[in-house]
Ligand code: SAH
């Protein structure tokens, strides 16, 4: 899969994307990456990409010209037209479902804003506009890295074993179950016995209940879409009730 970024800080991507799993994905050809510098599509000596907003107000806005020229130019370069994503706190909320959808595309261009954002007309170039959440970043570069990382780890082979990305938080509509590793007793903090039993069916049941408990405790908004059985709903409701009573029951 090919990801491209358009921004005024193209140098910030490589240190992250060349390391660890993203670095390996690039070496294996699972991820192809290119960072474009928006200033390459300016025509003045100062390579200006911003200007003051009409109507007054503080800060600077990104001018439409270089963005239009760059997106059109990049889109016309080989490899089929890219899916064009812009970033803004006003966009659709990014989540695992969007990551999953993007992971089926061949080529995605991520357009990163800076300053007070962009001239509104630039957004007409976007196939979609995404927000990471209800907070404001100084630029879209981190948002682009979050999208690339979360999409690439879904691509076959990226994690080294195809199953691991499909058995995590959100993959079945629930938060992930609690996990433990050695030692079984750390300073009196014990791992739940069932996990030491070697009984796979009981382990599977425990994990499902752990996931439901945690989701009911921390993200009850997710329960509705998680396809719970009537008994599982009972468990979820009892966790919610206990929390109302002031007992923290996120975990067994
Ligand atoms: N004035 C704008 C914020 C601009 S922040 C507003 O109030 O809506 C500058 C750039 O950072 C944005 O153009 C966008 O690319 C990026 N950015 C900021 N917050 C973001 C968020 N929550 N999600 C995704 N991108 C964000």
Test for residue 136: is it outside any helix (DSSP H, G or I) and touching a strand residue (DSSP E or B) at 6+ places or on another chain (Cβ under 8 Å): yes
Restricting region 114-143 to residues that are without any contact (Cβ under 8 Å) to a residue 12 or more places away in the chain and more than 9 Å from the ligand (Cβ to nearest atom), the residue that is nearest to residue 88 (Cα to Cα): 120
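Does region 111-130 contain at least one residue that is in a loop (DSSP other than H, G, I, E, B) and exposed (fewer than 12 other Cβ atoms within 10 Å of the Cβ)?
No, region 111-130 has no match at all.
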Answer from 146, 151, 191 - the residue that is modelled with pLDDT of 95 or more, away from the ligand (no atom under 16 Å from the Cβ), on the phi < 0 side of the Ramachandran plot and surrounded by 15 or more Cβ atoms within 10 Å (Cβ to Cβ): 191
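Within the group 93, 107, which residue is in contact with a strand residue (DSSP E or B) (Cβ under 8 Å, 6 or more places away or on another chain), farther than 30 Å from residue 55 by Cβ and assigned by TED's automatic domain parsing to the domain that holds residue 50?
107
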Answer residue from region 64-90, given it is assigned to a helix (DSSP H, G or I) and more than 15 Å from the ligand (Cβ to nearest atom) and is farthest from residue 49 (Cα to Cα) among those: 76
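The values are calculated or read from the model by the stated rules, or taken from the named source; none is laboratory data. This one's a predicted model, so the numbers in the text were calculated from it and none came from an experiment. Glycine gets a Cβ as well: all are built from the backbone with ideal geometry, and neighbour counts include every protein chain shown.
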